[in-house]
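Here's the structure, in structure tokens; my notes come after.
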Amino acid sequence: MALNVPGLIAVAVFYSIILATGIWASRKSKQEERRTTGSGTEAALIAGRNINLFVGIFTMTATWVGGGYILGTAAAVYNPTKGLVWALMPIDYILNFVLAGVFFAKPMRAKKYVTMMDPFQLKYGSTLSCVFLIPALIGDVLWVACIMASLGGTMSVILDLSAVYSICISAAVAILYTLLGGMFSVAYTDVIQLVFIFFSLWLCVPFLMLNPASTDITVTAFNGTLQAPWVGTVEPGNVGLWIDDILVLSLGGLAYQAMHQRILSAASSRDAQVICFAAAGFSSVMGIPSVLIGAVAASTDWNMTSYGSPSPYDRGEAGKILPIALQYLTPPAISIMGIGAVAAAVMSSMDSALLSSASLFTNNIYKTLIRKQASDREVQWVIKATVLVVGLAGMGLAFLGNSVLAFWVVSTDLLYTVILPQLVCVLFFPVSNGYGAAAGFTLGTLLRLLIGEPLLRLPPAIRFPDCRLIDGVYVQHFPCRTFIMLVSLCIIVSVSYVVSLLFDKGLLPKRWDVLQVKTHEAPNDSSDKKGNAGDECPAPSDRLLETNC
């Protein structure tokens with residue numbers, strides 16, 4: 001197979017459009033900086049809290065509709081051992097955004113936080129909060145690596161372009177426009193990317209479904225002839241694992257800085273809620289083409305195509321089924337549009353991870369622990385340096401392939417099992433304090449490591465009910481990650497209550513209160529003139545040790 005020159009040109013044109021949009025948005029960022037009396041940091045990280053509602057909906061949706069979403073959904077539907085019932089992301093994202101809009105958008109935006117970790121610093125202090133940053137920062141770097149690796153594999157199928165070149169070029173473009181315009185560049189390029197994803201994938205669907213090598217997917221949905229029905233089933237023994245996967249995907253996203261960054265960029269609390277609710281609908285619609293592509297692939301006789309036999313599943317290429325289907329079941333021009341959609345999806349997720357990690361490091365580590373007196377200009381340079389370092393680190397790790405995927409799975413599990421209960425407690429449980437938070441973090445992390453990880457070939461030290469040996473590796477079928485999350489939540493609340501009681505009753509001397517329970521307390525809500533609770537509160541940087549607005 002020779003290098004696909006027309007496809008390469010088409011991708012180059014698309015990247016040029018994205019880069020031009022990012023450069024244009026960087027000028028808007030500078031205008032916003034001047035409008036907000038020179039606050040370039042807020043303009044870079046949260047767009048001066050002035051993101052247009054339309055743009056906010058698009059950038060929130062694009063952050064979740066990434067390469068993993070598009071490729072993973074198609075792969076799950078195609079996989080004969082899984083099927084549609086295991087393609088959970090479209091449904092999970094609806095739940096994720098609805099929960100974010102109902103419970104998290106208003107309290108986060110109303111307090112004018114800059115990052116998800118600001119309430120932790122207000123309540124627990126900077127040192128302890130920085131410990132909670134570690135899983136989030138590691139997760140962002142590994143997220144960049146995973147999505148870049150998926151792009152490299154996709155381009156190698158359709159363009160016959162080495163993964164090294166595609167990863168390096170794509171990373172350079174995403175890093176450049178994120179450096180130039182921060183949140184404004186990320187948000188406005190997300191609009192272009194999401195529109196391109198939608199139209200490109202839907203353009204491919206009719207050609208796939210009308211291909212003579214494919215059987216009508218309505219026939220193969222429940223009565224597969226070439227392989228198992230693509231709707232799939234959940235065996236009774238796998239119900240626990242299925243429930244666990246649903247909860248990890250739908251609730252775990254609530255602990256991602258990338259989502260809260262868009263909430264905090266909204267012009268008001270009400271806009272933040274609207275953005276979440278609208279993204280719930282849009283993200284589910286964006287998953288339909290991937291479901292159809294996976295269903296068509298499961299209904300295709302590959303012997304009737306130039307791909308030949310054995311099938312992609314038998315060759316171990318089920319994870320690449322979307323680009324394979326585009327390459328062998330659509331005309332060349334259409335497959336090029338499809339690869340553009342994947343590239344757009346990957347870049348929309350990558351720039352979000354870059355800015356997310358830059359926000360956490362700059363606002364919650366550099367400004368609070370390393371250089372408390374740093375000027376606004378200095379902080380802006382740190383943001384740029386962090387974006388560059390994370391981008392290059394992720395790009396380098398992308399060449400490790402499955403090894404990175406395994407570590408990313410563990411890091412995302414830590415966000416669900418450890419950071420999510422911490423966020424819930426700091427926002428909704430006034431009794432929580434640093435002692436409970438430290439105990440919950442330590443126990444949750446330990447338990448997650450002790451249950452093992454099949455992708456790392458790490459055997460479980462703790463075997464929950466229905467732990468099975470599959471292909472030489474023990475796999476937990478009990479919803480153990482959700483169990484750990486609930487244990488962490490209970491530990492945080494119970495330890496916090498007991499320690500507070502001991503100090504209040506004088507059973508422990510005040511000099512032993514090394515975490516200063518009575519110093520770091522969350523601020524109370526207040527209402528602004530518009531009726532959006534807390535929109536008139538000063539920014540967290542101005543009140544890290546205050547008790548209310």
Name every residue in segment 109-122 that is farther than 16 Å from MET259 by Cα and surrounded by fewer than 24 Cβ atoms within 10 Å (Cβ to Cβ), in order of residue number. LEU122
Search segment 226-244 for residues that are farther than 14 Å from PRO465 by Cα and pair each with any residue that is among the aromatic types (Phe, Trp, Tyr) and not in a loop (DSSP other than H, G, I, E, B) when their beta-carbon atoms are under 6 Å apart and the residues are at least 6 apart or on different chains. GLY232/TRP86; VAL234/TRP242
Check off (1) outside any loop (DSSP other than H, G, I, E, B); (2) hydrophobic (A, V, I, L, M, F, W, C); (3) more than 18 Å from TRP408 (Cα to Cα) for ILE462 and give me the number that stays unchecked. (1)
Only one of VAL114, VAL131 is touching a helix residue (DSSP H, G or I) at 6+ places or on another chain (Cβ under 8 Å), of a type in the set (A, V, I, L, M, F, W, C) and outside any helix (DSSP H, G or I), namely VAL114
Which one of these is crowded, with 24+ Cβ neighbours inside 10 Å and part of a helix (DSSP H, G or I): ALA172, ALA145? ALA145
Scan segment 164-180 and give yes if some residue there is under 20 Å from SER311 (Cβ atoms) and either touching a helix residue (DSSP H, G or I) at 6+ places or on another chain (Cβ under 7 Å) or touching a residue at least 24 places away in the same chain (Cβ under 8 Å) (or both), otherwise no. no
Please give the number of the condition VAL274 fails out of (1) modelled with pLDDT under 90; (2) under 25 Å from ASP118 (Cβ atoms); (3) surrounded by fewer than 18 Cβ atoms within 10 Å (Cβ to Cβ). (1)
Just one listed residue, out of PRO459, PRO465, is in contact with a strand residue (DSSP E or B) (Cβ under 7 Å, 6 or more places away or on another chain) and surrounded by fewer than 19 Cβ atoms within 10 Å (Cβ to Cβ), and it is PRO459
Identify, from the list SER432, SER352, SER348, the residue that is surrounded by 24 or more Cβ atoms within 10 Å (Cβ to Cβ) and in a loop (DSSP other than H, G, I, E, B). SER432
From THR63, THR37, THR115, grab the single residue that is assigned by TED's automatic domain parsing to the domain that holds ALA145, closer than 27 Å to LYS367 by Cβ, at pLDDT below 90 and within 22 Å of the chain's Cα centre (by Cα). THR63
Is it the case that ILE94 is of a type outside the set (Asp, Glu), at pLDDT 90 or above, part of a helix (DSSP H, G or I) and within 30 Å of PRO312 (Cβ to Cβ)? yes
Identify, from the list THR59, THR41, the residue that is in contact with an Asp or Glu (Cβ under 6 Å, 6 or more places away or on another chain) and closer than 17 Å to TYR177 by Cβ. THR59
Does ILE324 meet the test of being buried (at least 24 other Cβ atoms within 10 Å of the Cβ) and over 24 Å from the mean Cα position of the chain (by Cα)? yes
Search result, residues across segment 192-217 that are part of a helix (DSSP H, G or I) and polar (S, T, N, Q): GLN193, SER200
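The values are calculated or read from the model by the stated rules, or taken from the named source; none is laboratory data. None of the values given here were measured: they were computed from a predicted structure. FYI the Cβ positions are ideal-geometry reconstructions off the backbone, even for glycines, and counts take in every protein chain you see.
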